[in-house]
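The values are calculated or read from the model by the stated rules, or taken from the named source; none is laboratory data. Just so it is clear, the structure is predicted and the values come from calculations on it, not from any experiment. Using ideal geometry, Cβ is built from the backbone for each residue, glycine included, and neighbour counts are taken over all protein chains shown. Quick note on the areas: whole protein, heavy atoms, side chains included, nothing else; ligands and nucleic acids left out. Shrake-Rupley method; radii C 1.70, N 1.55, O 1.52, S 1.80 Å.
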Amino acid sequence: MIRDENGKLAGYVYIDVDTAVRDLGSFVDDAKRAVASQLRMPAGHTMQWSGQYEAMERVRQRMLVVVPLTLFIVAFLIFLNTRSMPKTLLVLLAVPFSAVGAVWLLWALGYNISIGVWVGLIALLGLDAETGIFMLLYLDLAYDEMKPRSREELREAIYHGAVKRVRPKVMTVACAFFGLVPIMWSTGAGADVMKRIAAPMIGGLFTSFLMELLVYPAIYYRWKWRAEVRHAEGAALAAEEN
């Protein structure tokens, strides 16, 4: 078969890369340096890296737009729901905590960064927003119900919203968690891609859930104390002195 590319005769060299051992991007980068140092192209000849690597580079360029855009849309939707910038930032705090769990699990499983992993990380942003909003909802309900005017009342309100309502939070996270775990035992065509999509979501859910139980209430406490309760407590003490 006579092959041509852009009107020139073309020859193909096929290379198989075990992506379970090494990611394709770093392999091609090393191969480019080795070829550039050891091969001098004759005049009129060109060389191009194609195949999966070329497709991966196109996806990487799109990711530079998709990931920031996704984060902006998630933040905008949270702001429309809460109508508060501090609450929006509080919910978005789950993103770095979930990234920790995602990276840990990917490292434990020996998965390299791939298109499937990036898709899983993008989907994880939505899960983080869902569970974060859920935790913030219970904290706000307890705060609005008790209307604390002192430090002790604020602690009691946060305790009621964070500790006494652990069951619905666990059920919400467990539904997503148990829906994703069976994918890790899947086999057959497409299983490798699906595992790399599910892995960051599973790891990220675990650490973000711990963050929401342990860190969210403390940050919420500091915010409410500085923003509202401290002033109310000071006004109450001033009224008693008068």
Check your understanding: Which residues, counting only those in segment 86-107, are open to solvent by 70 Å² or more (accessible area, probe 1.4 Å) and of a type in the set (A, V, I, L, M)?
Key -> 89, 103
Review point. How about segment 46-85: which of its residues are farther than 15 Å from residue 128 by Cβ, aliphatic (A, V, I, L, M) and either touching a Gly at 6+ places or on another chain (Cβ under 8 Å) or open to solvent by 40 Å² or more (accessible area, probe 1.4 Å) (or both)?
Key: 47, 56, 64, 65, 66, 69, 80, 85
Check your understanding: Taking residue 101 and the conditions (1) at pLDDT below 80; (2) closer than 22 Å to residue 195 by Cβ; (3) not aliphatic (A, V, I, L, M), which numbered condition does it fall short on, given that it satisfies the others?
Key -> (1)
Study note, to complete from the structure: In segment 116-132, residues that are farther than 22 Å from residue 162 by Cα, buried (at least 18 other Cβ atoms within 10 Å of the Cβ) and touching a residue at least 60 places away in the same chain (Cβ under 8 Å) total 6
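In segment 200-214, what count of residues is obtained for those that are closer than 10 Å to residue 124 by Cβ and modelled with pLDDT of 85 or more? Working first, answer last.
Taking segment 200-214 as the starting set, the residues that turn out to be closer than 10 Å to residue 124 by Cβ are 200-205, 208.
Retained after the next criterion (residues that are modelled with pLDDT of 85 or more): 200-205.
Looking only at that region, the number is 6.
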Check your understanding: Among the residues of segment 135-164, which ones are within 25 Å of residue 77 (Cα to Cα) and open to solvent by 50 Å² or more (accessible area, probe 1.4 Å)?
Key -> 137, 141, 144
Review point. Is there a residue in segment 34-44 that is in a helix (DSSP H, G or I) and open to solvent by less than 70 Å² (accessible area, probe 1.4 Å)?
Key: yes
Exercise for review: Having 1 or more residues that are β-branched (Val, Ile, Thr) and touching a Ser or Thr at 6+ places or on another chain (Cβ under 8 Å) is the bar; report the helices (runs of 4 or more DSSP H) wholly within segment 80-197 that clear it.
Suggested key: 85-92, 94-109, 115-146, 166-180
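Which residue out of 117, 59, 66 is farther than 26 Å from residue 33 by Cβ and of a type in the set (Val, Ile, Thr)?
Numbers: 117 fails: farther than 26 Å from residue 33 by Cβ; 59 fails: farther than 26 Å from residue 33 by Cβ.
The unique qualifying residue is 66.
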Practice item. Test residue 103 against the criterion of being touching a residue at least 60 places away in the same chain (Cβ under 8 Å) and either acidic (Asp, Glu) or more than 18 Å from residue 212 (Cα to Cα) (or both), and give yes or no. Key: yes
Review point. What pairs come up if the first residue lies in segment 169-184 and is farther than 14 Å from residue 213 by Cα and of a type outside the set (A, V, I, L, M), the second is open to solvent by 30 Å² or more (accessible area, probe 1.4 Å) and modelled with pLDDT of 80 or more, and their beta carbons are under 8 Å apart, counting only those six or more places apart or on different chains?
Key: 177/206
